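K.L.:
Would you mind keeping the following structure in view while I ask a few things?
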Amino acid sequence: MSVYNDASVSVDSDVAEQIPAAEQDKPSVEERYYYASQRQLIWWRFTRHKAAVVSSVLLIILYLCALFADFVSPYAMHTRFEGQQGAPPTVIRFIRPDGGFQPHVFAMQREMNPATFRWTFTEDTSQVHPIRFFVRGEEYKFLGLFRTSIRLFGVEDAPIFLFGTDRLSRDLFTRTLAGARISLSIGLVGVLLSFVLGVGLGGVSGYFGGLIDDAIQRLIDFLLAIPGLPLWMTLAAALPRDWPTLRMYFAITVILSVLGWCGLARVVRGKILQLREEDYTLAAQGAGASDWRIITRHLLPGFTSHLIVSITFSIPAMILSETALSFIGLGMQPPAVSWGTLLQDAQNLTAVAHEPWLLIPAIFVITTVILFNFVGDGLRDAADPYAR
Amino acid sequence: MAASENSVLVEVQDLKTYFFLHEGTVKAVDGVSFSIYEGRSLGVIGESGCGKSVTAQSMMRIVPSPPGREVDGKIEMYLWENGGGFAEVVDVLQLKPSGAKIRSIRGKQIGMIFQEPMTALSPLHTVGNQIAEAVLIHEQDASKHQARERAIDMLGRVGIPQPHRLVDAYPHQLSGGMRQRALIAMALICGPSLLIADEPTTALDVTIEAQILELIKELQTSLGMALMYISHDLAVVGEMSDEIMVMYLGHVMEHASTDDIFDNPLHPYTLALWRSVPSIEGKLERLIPISGSLPSPFASQPGCRFFSRCDRRMPGVCDATPPSLKEVAPGHKVRCLLYE
Amino acid sequence: MTNQTQLPLLEVQELRKWFQMSKGLLQRQAVFVKAVDDVSIHVQAGETLGIVGESGSGKTTLGRCISRLYQPTSGQITMRVNGEVLDVSALSGKELSAFRKRAQMIFQDPYSSLNPRMTVLETVGEPLLVNHLAKGKELEERVTEIVVQVGLRVEHLRRYPHSFSGGQRQRIGIARAMVVNPQLVVADEPVSALDVSIQAQILNLLQDLQERYDLTYLFISHAMNVVRYVSDRIAVMYAGKLVELGPTQELLSNPKHPYSEALLASVPKPSQRKRGMRLVSPGEPPDLTNLPTGCVFVPRCKYAVDQCTEQFPELRKIGTNAYVSCHLAESLALQGI
């Protein structure tokens, strides 16, 4: 452009002008913001959501308890305590009869009430049984690695039932923690399976379009048109009753995932269609980037945050489904322990009326679902750090 | 300014509209004063974030709240009864944003058109019904039939071909230019005394923009309305206005007649704007850009807000003392310490 | 002005880009949107060719065909590289990636054109990386060099796009285009999304880079004043067709096509503010799926005669180096600026 030759200002001198005086000494907070990656921005926004932060801490504690259930619970989950059928939760006392401070329990005596013919429990206050930590109890295999008998807490010479016992005189606290293993993990494993199916099929559907897209979309339409519970019941009823626990567990997971991936696939497809239109995808194409690079570097990172949100919301759905199936007897079968099988004991009104502690696993189910929803809410608000 | 001959319609005094965000407070409009006179047009020029749209939104009381709030100032509106005779002065800021009074002012006294007509028109109703709706809201004695006839008449006046047919069209069936015309018809159907146009042609093509500008000018003359024309495009504002207000970061930097703003700009920001825009006519000269970029809206500056980018800044003076808007010549106000 | 006898860097011949879409609610039928229809242009090395037109005129599609983001429906695009003629429209695979190093694109929207999850270094370095031109330390050095040249600072390299203003983002986009040392740069409305005070910075930067690297620009814009400022020649497009092509000053002061006249008349001019009504072209651009058989501008043209509706006016040479697609070009005395 010869017209402007006379007025050529060198590019470099322009640079000096580019730096506004105000920008030169920025406070460190703003500096931190400038160098923050997308992940850090999401994290910062997430930490602002108090309920979500508290919920995630509680969830982590819950999962740790499930993971270390053998250590945290005082007994093994199948141990029976003679003469303690249907015992109510043991009361923990802190002040000894003689005035000193020591957490302790009293042993329980079971007696038949001659008038009502019901078993009642009375405390034997003659002897104090202190609660001790890191005590030797029944032997177990720590995380399946080595044998040990150290347990978090325990009482000598008398049983301690934090949540009471069931009809077969087993400790409900121990069994609730053991059940958490299956119930909590089935959500994760089920979602993992849905995730693989959803991202794979949704991604293919969105990126390639055309006939494949049509076929996958019709499949999703079809699957979503089937009512969930009857489908699961049918599938679960077809499973052989005599399968070992582990195989049953995976079979149930697969059944739950059959429908779980559909929603995820739709999210993925929609996002891919949207991100494909972004100029930066076009720019990468113009730079000569391969399809693989465009998908992995530009498209996928664009919606991982949305995926995590959508996964967070589908985990509680999985947990609920497993509980429901097991509750009606089509999911996990005793002797396998899950929150759903534990709740089978609370199926009749008399049981609930006389032994209300049998409903404690239900409180765990509800709490877990609410916690997951709070975390999901926080993640959803944080997922798009650029939206104000 | 010959404005004093016309009677005042709106008087804005020291308007302050702030946005209270998590990151801090944005003083979107920070002490803006001006008057709009009957039948005359005021142009507002400014870049994004200068507060020009928020000023208009405050006048209509449609600032999104929260986070926005008019924290101080007065917007006095002179409401004239049909056929003359002084009626009443209302301070719009004292009204409830969703109350009956402000709703009777919106649409009836002040019409407003926006940059994106699609967001202002409902996709679920025909254009005709939406225009007739405005009549039915503001004029209790109008019948449905009358309202429809008026809508058809108005559509014809804003240059929509075959208004009898297109009165039953849905907004998505119209092109961008036609939608903007429909929106203008809706804004003008009740005969407002002031039309606020907030970048109404930014989304339109050049030839369509010219059509709309001519239409607004023609309607302003024939209906005798006042016009507040907001845009970032200097040439467009110059063409539409009798006087021009230049805004930067919530402040009025310069306010003068259009001729003065173009031929005798005083504020360094106005001058810099002129030099940084390529002209369509005259000699081609290398552009002199305004250095730097807009400072963060959260930053508070003790002195002049343009200080960091000004080529005539006086360090130690301009960044310490806030300049005030001073009338340096009859009808020519500047906010700059060079003229104090 | 560039020497016209020199062989052009880029030649586009009878280029067509039709998009297929279905129309109608009950009876779906395939129709073609003729976004670019039969366009031929040539671009000299080192010049800036401005392409103006309104939305739907096909200017963006033309730019994307030339930079091979779109595969043209028919026609030929050739580029002269080191004395050899490269058939751009037929490239694929390895040759196409090689071509990417020679032609780059600058996008309109500085927000959508940068991946929010990549730092400046990653974004600007991507063309080098995927074309195996540099990596590691070498890549960082090259990126630093270009980033400083476009007016950013070294410490910006590891920041993410969200920390930059619109103007700075556009500089990043320019750096990404320039990092591979292209010969041809297609700039699609590079300043229209920016604030008035920032536009001049970017326009000047583009000019300085052109001088320094002897670049050829295809500058797409709807803003006449911007195109006038940067272009040596201007091509006017309307409804997918090239209607006029000529040297900037000549086209502005003496337009040959009625549409160019209407376009120029529509531009708001500060000097016009005291004058009354200006010449306004009535009507709107035609439906691209259903173009008239004759000249596409006929419905809005006040000079149109019978011949115009019947026969399509081919683009023809008029004067020394101007081209126009109008039957009446010689007989009309049109008004410019």
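K.L.:
Consider only pairs whose beta carbons are under 7 Å apart and that are at least six residues apart or on different chains; among these, list those whose first residue lies in the range A:204-224 and is under 24 Å from A:H298 (Cα atoms) and surrounded by 14 or more Cβ atoms within 10 Å (Cβ to Cβ) and whose second residue is acidic (D, E) and modelled with pLDDT under 90.
P.N.:
From the range A:204-224, the pairs are A:S205/A:D213.
K.L.:
So, one more: Against the condition surrounded by 24 or more Cβ atoms within 10 Å (Cβ to Cβ) and at pLDDT below 90, how does B:A210 come out, does it pass?
P.N.:
Numbers: surrounded by 24 or more Cβ atoms within 10 Å (Cβ to Cβ): yes; at pLDDT below 90: yes.
In short, yes.
K.L.:
With the condition being aliphatic (A, V, I, L, M) and away from chain B (no Cβ under 14 Å), I'd like the strands (runs of 3 or more DSSP E) fully within the range C:133-245 carrying at least 3 qualifying residues.
P.N.:
Numbers: elements: C:184-188, C:216-221, C:233-238.
Passing ranges, in order: C:184-188.
Table: residues versus (1) surrounded by 11 or more Cβ atoms within 10 Å (Cβ to Cβ); (2) in contact (Cβ under 8 Å) with a residue 40 or more places away in the chain; (3) in contact with a Phe, Trp or Tyr (Cβ under 6 Å, 6 or more places away or on another chain).
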{"position": "A:V128", "(1), (2), (3)": "yes, no, no"}
{"position": "A:F133", "(1), (2), (3)": "no, no, yes"}
{"position": "A:G137", "(1), (2), (3)": "yes, yes, no"}
{"position": "A:R147", "(1), (2), (3)": "no, no, no"}
{"position": "A:V155", "(1), (2), (3)": "yes, yes, no"}
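K.L.:
Which of the residues that make up the range B:280-298 are buried (at least 19 other Cβ atoms within 10 Å of the Cβ) and more than 12 Å from chain A (Cβ to nearest Cβ)?
P.N.:
B:I280
K.L.:
Given C:L129, C:L114, which one is out of contact with any strand residue (DSSP E or B) (no Cβ under 8 Å at 6 or more places or on another chain), surrounded by 17 or more Cβ atoms within 10 Å (Cβ to Cβ) and without any contact (Cβ under 8 Å) to a residue 40 or more places away in the chain? Spell out how you get there, then give the answer.
P.N.:
Working: C:L114 fails: without any contact (Cβ under 8 Å) to a residue 40 or more places away in the chain.
Among C:L129, C:L114, only C:L129 is out of contact with any strand residue (DSSP E or B) (no Cβ under 8 Å at 6 or more places or on another chain), surrounded by 17 or more Cβ atoms within 10 Å (Cβ to Cβ) and without any contact (Cβ under 8 Å) to a residue 40 or more places away in the chain.
K.L.:
What is the one condition in (1) farther than 24 Å from A:R181 by Cβ; (2) of a type outside the set (K, R); (3) more than 30 Å from the chain's Cα centre (by Cα); (4) assigned to a loop (DSSP other than H, G, I, E, B) that A:P88 does not satisfy?
P.N.:
Here A:P88 clears every test but (3).
K.L.:
Further question: Six or more apart or on different chains, Cβ under 8 Å: which pairs go from a residue in the range B:86-109 that's in contact (Cβ under 8 Å) with a residue 12 or more places away in the chain and closer than 13 Å to B:I75 by Cα to one that's charged (D, E, K, R) and in a helix (DSSP H, G or I)? Could you list them?
P.N.:
Listed pairs, sorted by first residue: B:V90/B:K101; B:L95/B:K101.
K.L.:
Looking only at the range B:235-292, count every residue that is among the small types (G, A, S) and in contact (Cβ under 8 Å) with a residue 40 or more places away in the chain and tell me the total. Walk me through how you get there before you give the answer.
P.N.:
Residues of the range B:235-292 among the small types (G, A, S): B:235, B:238, B:241, B:250, B:256-257, B:272, B:276, B:279, B:282, B:291-292.
Right, trim to in contact (Cβ under 8 Å) with a residue 40 or more places away in the chain and you get B:235, B:238, B:241, B:250, B:256-257.
Residues in the range B:235-292 being among the small types (G, A, S) and in contact (Cβ under 8 Å) with a residue 40 or more places away in the chain: 6 in total.
K.L.:
Only one residue in A:I160, A:I150, A:I131 is hydrophobic (A, V, I, L, M, F, W, C), over 24 Å from the mean Cα position of the chain (by Cα) and not in a strand (DSSP E or B), so which one is that?
P.N.:
A:I160
K.L.:
In addition: Could you check the range C:291-334 and list, in sequence order, the residues that are within 23 Å of C:S40 (Cβ to Cβ) and among the polar types (S, T, N, Q)?
P.N.:
Matches in the range C:291-334: C:T293, C:Q307, C:Q311, C:T320, C:N321, C:S325.
K.L.:
Of all residues in the range B:1-58 being of a type in the set (S, T, N, Q) and assigned to a loop (DSSP other than H, G, I, E, B), which is nearest to B:I290 (Cα to Cα)?
P.N.:
Looking only at the range B:1-58, we keep the residues that are of a type in the set (S, T, N, Q), and these are B:4, B:6-7, B:13, B:17, B:25, B:33, B:35, B:41, B:48, B:53, B:55, B:57-58.
Among the residues that remain, those that are also assigned to a loop (DSSP other than H, G, I, E, B) are: B:6-7, B:48.
Working: B:N6: 37, B:S7: 38, B:S48: 15 Å.
So the residue we want is B:S48.
K.L.:
Now for a separate question. Determine, yes or no, whether C:L215 is in contact (Cβ under 8 Å) with a residue 40 or more places away in the chain, within 23 Å of C:C326 (Cα to Cα) and either among the β-branched types (V, I, T) or crowded, with 22+ Cβ neighbours inside 10 Å (or both).
P.N.:
no
K.L.:
What pairs can you find where one residue is in the range C:35-59 and more than 14 Å from every other protein chain (Cβ to nearest Cβ) and among the hydroxyl-bearing types (S, T, Y), the other is in a strand (DSSP E or B) and surrounded by fewer than 22 Cβ atoms within 10 Å (Cβ to Cβ), and their Cβ atoms are less than 6 Å apart, with a gap of 6+ or different chains?
P.N.:
Correct list of pairs: C:S40/C:Q13; C:S40/C:E14.
K.L.:
From the list B:K74, B:K101, B:K52, exactly one residue is touching a strand residue (DSSP E or B) at 6+ places or on another chain (Cβ under 9 Å), farther than 24 Å from B:G177 by Cα and modelled with pLDDT of 90 or more. Which is it? Let's see the steps before the verdict.
P.N.:
Details: B:K101 fails: modelled with pLDDT of 90 or more; B:K52 fails: farther than 24 Å from B:G177 by Cα.
Answer to the selection: B:K74.
K.L.:
Can A:G200 be described as in a helix (DSSP H, G or I), within 30 Å of A:I360 (Cα to Cα) and in the same structural domain as A:T312 (by TED's automatic domain parsing)?
P.N.:
So A:G200 fails the test.
K.L.:
Which ones in the range A:315-357 are small (G, A, S) and assigned to a helix (DSSP H, G or I)? Steps first, answer last, please.
P.N.:
Filtering the range A:315-357 down to residues small (G, A, S) leaves A:317, A:321, A:324, A:326, A:329, A:331, A:336, A:338, A:340, A:346, A:351, A:353.
Selection gives A:A317, A:S321, A:A324, A:S326, A:G340, A:A346, A:A351, A:A353.
K.L.:
Quick check, is B:E139 more than 14 Å from every other protein chain (Cβ to nearest Cβ), surrounded by fewer than 19 Cβ atoms within 10 Å (Cβ to Cβ) and either at pLDDT 85 or above or within 30 Å of C:V196 (Cβ to Cβ) (or both)? Spell out the reasoning first.
P.N.:
Numbers: more than 14 Å from every other protein chain (Cβ to nearest Cβ): yes; surrounded by fewer than 19 Cβ atoms within 10 Å (Cβ to Cβ): yes; either at pLDDT 85 or above or within 30 Å of C:V196 (Cβ to Cβ) (or both): no.
Here the answer is no, as B:E139 does not meet what is asked.
K.L.:
Now a separate question. Could you tell me which of the residues A:E123, A:E31, A:E82 is surrounded by 13 or more Cβ atoms within 10 Å (Cβ to Cβ), outside any strand (DSSP E or B), modelled with pLDDT under 85 and among the acidic types (D, E)? Walk me through how you get there before you give the answer.
P.N.:
On the way: A:E123 fails: outside any strand (DSSP E or B); A:E82 fails: surrounded by 13 or more Cβ atoms within 10 Å (Cβ to Cβ).
One residue alone meets the criteria, A:E31.
The values are calculated or read from the model by the stated rules, or taken from the named source; none is laboratory data. On a predicted model such as this, the values are computed, not experimentally measured, just so you know. A quick note on method: Cβ atoms are made from the backbone with ideal geometry, for glycine too, and the neighbour counts reach across all protein chains shown.
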